[in-house]
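K.L.:
Take this structure first; my questions come after.
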Amino acid sequence: MSDHHTYKKIEVVGSSKTSIEDAISNALAECAKSVRNMDWFEVTETRGHIEGGKVGHYQVTLKVGFRIGNS
């Protein structure tokens, strides 16, 4: 067993009509379909789409870190 981990980061964007938290959850759920060993995320951007003077969609950009190799 290794005493260290090596990670790779990818950037994904999630969206939701409901909330920022839901946008994060949507992005991670979709990412988990094809990325293994996800360990952490950081929100790098938050923005939204305006429809009729109200929030139409929340959007968040995430950097997702996942372990690579046998670490």
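The values are calculated or read from the model by the stated rules, or taken from the named source; none is laboratory data. Just so it is clear, the structure is predicted and the values come from calculations on it, not from any experiment. Virtual Cβ from ideal backbone geometry, glycine too; neighbours counted across all protein chains shown. Calculation scope for accessible area: heavy atoms of the full protein, side chains included, ligands and nucleic acids excluded. Shrake-Rupley method; radii C 1.70, N 1.55, O 1.52, S 1.80 Å.
K.L.:
If I ask for residues that are within 14 Å of residue 19 (Cα to Cα) and either surrounded by fewer than 15 Cβ atoms within 10 Å (Cβ to Cβ) or among the small types (Gly, Ala, Ser) (or both), which ones from segment 56-71 would you list?
P.N.:
56, 57
K.L.:
Just name the residue that is least open to solvent (accessible area, probe 1.4 Å) out of those in segment 1-21 that are free of Cβ contacts under 8 Å to residues at least 24 places away in the same chain and of a type in the set (D, E, K, R).
P.N.:
Ranking the candidates gives 21 first.
K.L.:
Okay, next question. Right, residue 61: of a type in the set (S, T, N, Q) and in contact (Cβ under 8 Å) with a residue 60 or more places away in the chain or not?
P.N.:
Here the answer is no, as residue 61 does not meet what is asked.
K.L.:
Still on this structure: When you go through (1) under 16 Å from the mean Cα position of the chain (by Cα); (2) modelled with pLDDT under 95 one by one for residue 34, which number turns out not to apply?
P.N.:
Among (1) under 16 Å from the mean Cα position of the chain (by Cα); (2) modelled with pLDDT under 95, the lone unmet condition for residue 34 is (2).
K.L.:
Identify all residues within segment 25-71 that are closer than 16 Å to residue 10 by Cα, touching a Gly at 6+ places or on another chain (Cβ under 6 Å) and not aromatic (Phe, Trp, Tyr); write none if there are none.
P.N.:
Once the filter is applied, which keeps residues that are closer than 16 Å to residue 10 by Cα, touching a Gly at 6+ places or on another chain (Cβ under 6 Å) and not aromatic (Phe, Trp, Tyr), segment 25-71 yields 26, 27, 39, 60.
K.L.:
Going through segment 22-52 one residue at a time, which ones are of a type in the set (Lys, Arg), free of Cβ contacts under 8 Å to residues at least 24 places away in the same chain and exposed (fewer than 10 other Cβ atoms within 10 Å of the Cβ)?
P.N.:
Matches in segment 22-52: 33 only.
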